[in-house]
Amino acid sequence: MLKNYLKIALRNLKKSAGYTVINILGLAIGMTCCVLIALYVWDETSFDRFHDKAEQIYRLRVERYASGGESELTSTASAPMGPAIVQDFPQVEHIARISSRTYLVEQGDRRFYEEEFFWVDSTFFDVFSFKLVRGNPETALTAPFSVVLTEAMAEKYFGRADPMGQILTIEDRDYTITGIVEVAPAQSHFSYDFLGSFTTLEVFAEEPSSEWNWWSLSYHTYLLVAEGASLETLQEGLRELPSRYIGNQESVSGYRQFLYLQPLTDIHLTSHYRYELQPNSHTAYVYVFSAIAFFILLIACINFMNLSTARSAQRAQEVGLRKVLGAQKGQMIKQFLGESVFLSMLALVLALMLIQVLLPSFNQLASKELSLHYIRQAPLVLAMVGFAGLVGLIAGSYPAFVLSSFKPVEVFKGRVQSGASGVFLRKGLVVVQFGISVALIVGSLLVFEQLDFMQNKNLGFEKEQVLVLRVRNNEAVIESYEAFKDELKKQPSVLSAAFSSSIPGRDQFTNVISRQQGMNEEGQTMYILAVDYDFAETYGLEMATGRALSEDYPSDDTSAFVINEAALKALGWQAPDEALGQQLTRQFSDTREVVGVVKDFHFQSLQHSIDPIVFQIRRSWYGYVSVRIATDDVPATVAAIDGVWQAFSPGRPLEYFFLDDDYDRQYRAEQRISKIVTVFTILALFIACLGLFGLAAFTAEQRTKEIGVRKVLGASVAGIVLLLSKDFVKLVSLAFVLAVPLAYFVMNSWLDDFAYRIEISWPIFLMAGLAALGVALLTVSYQSVRAALADPVESLRYE
Amino acid sequence: MIKADHLKKVYRTDEVETTALNNVNLEIEAGEFVSVMGPSGCGKSTLLNILGLLDNPSGGTYNFLGHDVAGYSERQRAQFRKGNIGFVFQSFNLIDELTVYENVELPLLYLGMASAERVRRVEETLERVNIMHRKDHFPQQLSGGQQQRVAVARAVVASPKLILADEPTGNLDSTNGEEVMQLLTEMNEAGAAIVMVTHSPADAEYSHRIIHLFDGHIVTENFLERKYAHA
C-alpha cells in the first residue's frame, strides 16, 4: 500500500510540476532562512559556554556614584579589588584580571602594532578553559616579562621557527615566550593575540595594588566561584567592599563605588557598560531574528497549505474512488499527511543544499563563523528532520482532513466545488502572509531610514576629510608637538591639524567638575577632552559665546576651560554669557576660567544625547592628531604625512584612519541588523508571492468557464484582468490595515532606544503598502492576463 | 440478498426540501440482474447510492446480506462495502495517476490481501476483460471502451456479491457499449448480482428485471424472459 501511495504522490507531483516547484521551493527557502537564523541565534545564545566552569565564572562590574547623583557604570574594576575579594571571600576560588592594551611588538625586522595584547593574571588558565598548546599553564604567566601568544602570532613573528623561549620586544622591552595558546573560540566575548604576565605591571612600578588605585577602573576582573556557593551572600558582601577598604577616601571625595557580579554567559547579550572588551549584542536582536524566522516559516507553511487545499479538488475524484473501494477516512488522512511530509522532506533536502551554498554569504552578512556539520551537529540535523516532519504534518493537516472528509456521493455528483472548501481560510492565510510582509517592509524601511538619519545628521562638527593619526604614548611626537604640527601644515594638502586626548566617536575621559574650589564641594562627572589650540578649527566647531582656546592667550595653557552648552546647563547657568569669566574646578584641584561656550556637537553616537563636556589644554593626555585634508589624492597625502611622522618617530609605523569611517563604526551593529532584516524581508515577500502566484493560477483556472462566458458576452481583456486581480487587491489591502499598527508599535519601541531618532511618518507605510500591493499585483496579473487572453471557445469546451 | 422497505431519502438545503426517494420497497435475489430506469431526477442514482452503502436513507429499513445497514456509520459502511460491493460508473472514474494494473489492484490493497494472491487475481481479471496487454498503460492512453473494461475489472476483482453500475455505457459508442454489457452479463452469470441504472432500453434487455422509477416511486416492475442461472 505504501508503494501505491508513493507512486500516486510522485505522479501527482509530476503532473502538476509547476505547483510542486512552487510548493517545494517556497518551503525550502523558508526552511533555509529558518535554519540560518537558528544557527545565528544558537551562536548568539551560546557565547562563553565553552569554558568548563562557565556557570561558576562571574565578572565584576562597578557602579560609581557621585554625591550629585551622576553615575558611571563600568564593565571594569580597579586592580586591588580582585585580590581583596580572594582574600575576604573563601567561596571565590580564583580571580583573573585582564587589561587590554595596544602595543608595538617587534621581532627582528617584523614590527607591528598589536591591538589584542592583554595583561592577565597567572590564574588566567585556572578560571578560563582556553587551551595552552605549548608551555605549562601553571607557570607560563607567573614570572615578569613572560608572554604567551597565539599560533597565528607565533607564525607572524617567527615563521616556522620554534618560538618557545624566544625573545619578543614589546614597547622596547624584551619578553620571553613561555607558551602558545589556541585562538579564543568565535563564541568568546573577548579575543586575544598576546597574553602578558600581570606581574610585569608590578615591575613597571605602576603599583596596581596601591591604595589610591581603587579608583582606577581599568581591569576586567573575573571570579571563579566555588560550586554551590551562595551567590546572594557573595553579592551582598561585595557590594560594600570598597567602603571597607577605602571608606575614608569615599567620604572625602563624595564618591562611592559598588560592586556587582555579572554571570559570564550573560555578558555577550546583556552587558553594555563602559569599557566593554568588545561591543556586545542585544537580547532584543535574538528575539527579533527568532520572530523573523518564525514568520518566514509561517509564510512558507501557509503557501503549502493554501496550494494543497486549493488543489484538493483535483484529488477529490481519487478520494471518492478510494472510499468507494473501501478506504477508511483514517487511511486517507494518513495518505495525504504522508504526501505532505514527503514533500517537506524533499524541501528539507533542497534546504540543506541551499544552506551549504548560502552559509558563506550569510556569515559575511552577519559577521559570524557559523557552520553546519552533519556529524558534529547531529542533534541539530536530527532536530531539522523532526522539524521538517512537523512542518509537513502541520502544513498537510488541513488539506488532509478536508480531503479525507469528502463524501464519495458528493464527489460523483460534482457537488465538491473545485477547491471551494477552505476558501475563507485560504484568504485569511493570504492576509496573514501579506500582513507579515508589509510589517517586515515597514520595519526594514524604518531601520534603513534611521541609519541614514544617523549617518547624515548634522553632527555639529565636520567629520569628512579628517585623517586621524594615533599618537599613543609616543613621547617623541608629543614632546615636540608644535614642531610636528608645523611640519604637517607645510604639506600642501593639509589644512589644519590638532592634538587631542580623544576624538568624536571614541571613549572620552570623565572627571569631576565643580563650580567652587575645594574638595568637599558638590561636583558633577563630565567628559573632559584635552585639546590643542587648533581643535575647534580642525573640527569646524561653532562657538555659542566667548572664544575658543587660543595661542594668542598664553595663559590658556594653564588657566582656561571651554565648555559645551550641555555643560552650561548642567552647571546651572541659563545663558552662555553667564558662564564667561566664571571659575570651574576639575578633580578638586585644577581651577580655570571659562573663556568660551561651544555649541553642542555629537561627540558620541546618536544613541546618546549630548552630554556635558569640558575642553582644556593638557599635552600629557594627547593620544590623537586629527588632520584636516583637502585633496582627492589620499595615498599621496598619507605618504607625505607618513614622511613627517617617520622624521619625528623613526621606526614606529604610522597608524591612521578616517574620522567618518571610525565614527560610523558605532553603527556597525545596526547596519548589520539592517542588512539582515532587509535580506529576510525580501525573501519573505518572495515566498509570499510564490504562494500568491500559485493561488492566482489556481483561481484563474477555476474560473476558466466564467471567464469564457464573460468573454462571449463581450467582456474586455482589461475587464477580466481587473475582475481577477480585484480579490487579491482586497486581501493585500486588509493585510496592510492589520500590519500597520503592529509595525508601528514594534518599530516605535525600537526607535526609542535612540536619543536622536526619526519620527515614523505615514509615507513609510504608504511605501510599504504600495510595494506589497505592487508586487502582489505583478504576481497575480501574469496569471490574470493569461486567463483573460485565453480563447473562450477552448475554455468552454474544456469545461 | 437485498431487502429494502419503505426507503425514503430527503435532501434538505436551507430553504428547499427535496424528496428523492419515497416509500421504495425492493427485494433483490443473489445472482439477479436488475435494471433501474426512469427520467432524469427520478431518484435512480440516489437509490443506487443507498444500495451501494455510499449514502444512508432518511427513512425505512435496508437489509443487505442479513445485516440491517440503514443506520450504519460512514466507517461501518466503508468496512462493509469492501469486498462485498463493486462499482461501475458512467464516467469510468479511474485514477489517472495509476496504471491499469494498479487501478484494478486498489480494492485488493484495501482488503489487505497478500501480494502473490493479488497478482494472481488482478492478472486473472485483466485476462477476463481482455485488457491484459494494456496493463501498464495509464487511463488517458486508453479508449473509452477500454477504460470501462478496466473499471469493470476493478469492480469485480474482489469477487463482490453485488455490482452497482451507473449508466455504464452512457459515455460509450454502441459497439463499445455492447462489449461492456456482454462483460457485465458474464460477470452476472459467474454469480454476482447486478443493479444497473440505465437510460438505454437495449441495455436493459440484458437484465432479468426492469424497475421504473418516477418522482422517487417505483411505478412499474417488468420481469423479462431471460431467466437467471442462480434463481
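The values are calculated or read from the model by the stated rules, or taken from the named source; none is laboratory data. What you are looking at is a predicted structure, and each value in this text was computed from that prediction instead of being measured. Glycine also receives a Cβ, built like all others from the backbone with ideal geometry; neighbour counts cover every protein chain displayed. Please note that ligands, DNA and RNA were not included when accessible areas were found on the heavy atoms of the full protein model with its side chains. Shrake-Rupley method; radii C 1.70, N 1.55, O 1.52, S 1.80 Å.
As for the range A:532-540, it holds at least one residue that is at positive phi, open to solvent by 10 Å² or more (accessible area, probe 1.4 Å) and under 36 Å from the mean Cα position of the chain (by Cα). Just checking, does the range A:344-365 include any residue being touching a residue at least 40 places away in the same chain (Cβ under 8 Å), within 14 Å of chain B (Cβ to nearest Cβ) and either surrounded by fewer than 23 Cβ atoms within 10 Å (Cβ to Cβ) or over 25 Å from residue B:108 (Cα atoms) (or both)? Scanning the range A:344-365, I find no residue that is touching a residue at least 40 places away in the same chain (Cβ under 8 Å), within 14 Å of chain B (Cβ to nearest Cβ) and either surrounded by fewer than 23 Cβ atoms within 10 Å (Cβ to Cβ) or over 25 Å from residue B:108 (Cα atoms) (or both), so the answer is no.
Evaluated against (1) open to solvent by 10 Å² or more (accessible area, probe 1.4 Å); (2) farther than 24 Å from residue A:487 by Cα; (3) in contact with a strand residue (DSSP E or B) (Cβ under 6 Å, 6 or more places away or on another chain), residue A:560 falls short on exactly one condition, (1). Across the range A:68-76, not a single residue is classified as among the β-branched types (Val, Ile, Thr), part of a helix (DSSP H, G or I) and touching a residue at least 24 places away in the same chain (Cβ under 8 Å). What do you reckon, is residue B:153 aliphatic (A, V, I, L, M), buried (at least 20 other Cβ atoms within 10 Å of the Cβ) and over 26 Å from residue A:318 (Cα atoms)? For residue B:153, the condition - aliphatic (A, V, I, L, M), buried (at least 20 other Cβ atoms within 10 Å of the Cβ) and over 26 Å from residue A:318 (Cα atoms) - is not met. The set of residues in the range B:77-93 that are facing another protein chain (nearest Cβ under 8 Å) and not aromatic (Phe, Trp, Tyr) comprises B:78, B:79, B:81, B:82, B:83, B:93. Looking only at the range B:52-76, which residues are touching a residue at least 24 places away in the same chain (Cβ under 8 Å), open to solvent by 60 Å² or more (accessible area, probe 1.4 Å) and within 10 Å of chain A (Cβ to nearest Cβ)? Listed by number, the list is empty, since nothing qualifies.
Only one of the numbered conditions (1) open to solvent by 60 Å² or more (accessible area, probe 1.4 Å); (2) assigned to a helix (DSSP H, G or I); (3) touching a residue at least 12 places away in the same chain (Cβ under 8 Å) is not met by residue A:741, and that is (3). Could you tell me whether residue B:109 is surrounded by 18 or more Cβ atoms within 10 Å (Cβ to Cβ) and more than 26 Å from residue B:33 (Cβ to Cβ)? Against the criterion (surrounded by 18 or more Cβ atoms within 10 Å (Cβ to Cβ) and more than 26 Å from residue B:33 (Cβ to Cβ)), residue B:109 qualifies.
Considering the range A:239-251, and only residues there that are touching an Asp or Glu at 6+ places or on another chain (Cβ under 9 Å) and under 20 Å from residue A:92 (Cα atoms), the residue that is surrounded by the most Cβ atoms within 10 Å (Cβ to Cβ) turns out to be A:242. Screening B:108, B:126 for residues that are within 11 Å of chain A (Cβ to nearest Cβ), in a helix (DSSP H, G or I) and not charged (D, E, K, R) leaves exactly one candidate, B:108.
Listed here are the residues, each with its yes/no results for (1) over 30 Å from residue B:22 (Cα atoms); (2) open to solvent by less than 10 Å² (accessible area, probe 1.4 Å).
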{"residue": "B:149", "(1), (2)": "yes, no"}
{"residue": "B:158", "(1), (2)": "yes, no"}
{"residue": "B:161", "(1), (2)": "no, no"}
{"residue": "B:165", "(1), (2)": "no, yes"}
{"residue": "B:174", "(1), (2)": "yes, no"}
{"residue": "B:178", "(1), (2)": "yes, no"}
{"residue": "B:194", "(1), (2)": "no, yes"}
{"residue": "B:210", "(1), (2)": "no, no"}
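Restricting A:670, A:701 to those that are part of a helix (DSSP H, G or I) and in contact with a Leu (Cβ under 6 Å, 6 or more places away or on another chain) reduces the list to A:670.
Name every residue in the range A:274-299 that is touching a residue at least 24 places away in the same chain (Cβ under 8 Å) and either among the polar types (S, T, N, Q) or within 14 Å of chain B (Cβ to nearest Cβ) (or both), in order of residue number. A:278, A:280, A:281, A:290 - these are the residues of the range A:274-299 that are touching a residue at least 24 places away in the same chain (Cβ under 8 Å) and either among the polar types (S, T, N, Q) or within 14 Å of chain B (Cβ to nearest Cβ) (or both).
Being within 14 Å of chain A (Cβ to nearest Cβ) and in contact (Cβ under 8 Å) with a residue 12 or more places away in the chain is the filter here, so list the residues in the range B:129-151 that pass it.
If the condition is that a residue be within 14 Å of chain A (Cβ to nearest Cβ) and in contact (Cβ under 8 Å) with a residue 12 or more places away in the chain, then B:136, B:137, B:138, B:139, B:140, B:147, B:150, B:151 are the ones that fit.
Of all residues in the range A:158-200, those satisfying the criterion of being open to solvent by less than 20 Å² (accessible area, probe 1.4 Å) and under 33 Å from the mean Cα position of the chain (by Cα) are A:180, A:181, A:184, A:188, A:189, A:190, A:192, A:194, A:195, A:196, A:197, A:198. Residues in the range B:62-80 that are more than 20 Å from residue B:29 (Cβ to Cβ) and not small (Gly, Ala, Ser): B:72, B:74, B:75, B:76, B:77, B:79. Looking only at the range A:323-339, residues that are more than 7 Å from every other protein chain (Cβ to nearest Cβ) and open to solvent by less than 30 Å² (accessible area, probe 1.4 Å) come to 4 in all. Counting residues in the range A:300-311 that are within 14 Å of chain B (Cβ to nearest Cβ) and in a helix (DSSP H, G or I) gives one or more. Being of a type in the set (S, T, N, Q), within 29 Å of the chain's Cα centre (by Cα) and either at pLDDT 80 or above or within 30 Å of residue A:322 (Cα to Cα) (or both) is a property that holds for residue A:444.
One line per residue, one yes/no per condition, for (1) over 23 Å from residue A:299 (Cβ atoms); (2) at pLDDT 80 or above; (3) in a helix (DSSP H, G or I):
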{"site": "A:694", "(1), (2), (3)": "no, yes, yes"}
{"site": "A:706", "(1), (2), (3)": "yes, no, yes"}
{"site": "A:720", "(1), (2), (3)": "yes, yes, yes"}
{"site": "A:728", "(1), (2), (3)": "no, yes, yes"}
{"site": "A:736", "(1), (2), (3)": "no, yes, yes"}
{"site": "A:748", "(1), (2), (3)": "yes, yes, yes"}
{"site": "A:757", "(1), (2), (3)": "yes, yes, no"}
